[in-house]
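Worksheet for the structure shown next.
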């Protein structure tokens, strides 16, 4: 099996020893994306803005690999507060297309950089 790291300059660089994404055997595994503005390195305070940026960063990596939201098979959404589920779900539903990917959503005690949302995915490469 061979694997290839996928990196986009339009998404924030990894903040640890991992790749933004890895392509292998026709699949793309995208690391969790926070709501960080790739051009400034800043993360806004609000969950709406963070969710929009997390999806934008996810999209940049998918596009770098030659696909988009229509290729996504599975996502995992991590929230710092399940009370934000509704607003995140609404924005998520505006980004992804039918048939929607399978999804898991969890509330966790804390996310990196004290983020409010993190989104990762597995996509099928065309």
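Laid out as a table, the results:
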{"read-out": "For the chain, calculated [θ]222 nm from helices alone, where every DSSP H run of n ≥ 4 adds -39500 (n - 2.57)", "value": "-7500 deg cm²/dmol"}
{"read-out": "Computed over the chain: relative contact order in percent, which uses C-alpha pairs under 8 Å that are six or more apart", "value": "32"}
{"read-out": "Peptides ranked, highest mean first, by Cβ atoms within 10 Å: ranges 29-41, 74-86", "value": "29-41, 74-86"}
{"read-out": "Crossing angle, helix 47-64 versus the chain [Cα axis fit, 0-90 degrees, rounded to tens]", "value": "10"}
{"read-out": "Distribution of pairwise C-alpha distances over the chain, 5 Å bins, in %", "value": "2, 12, 23, 25, 20, 13, 4, 1, 0"}
{"read-out": "Globularity index of the stretch 1-58, i.e. its alpha-carbon radius of gyration over 2.2 N^0.38 Å", "value": "1.21"}
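Any read-out appearing in this document is the output of simple, stated calculations on the displayed coordinates, not a laboratory observation. Predicted model only: the values in this text are computed from it and were never measured. With ideal geometry, Cβ positions are generated from the backbone for all residues, glycine too; neighbour counts draw on all protein chains shown.
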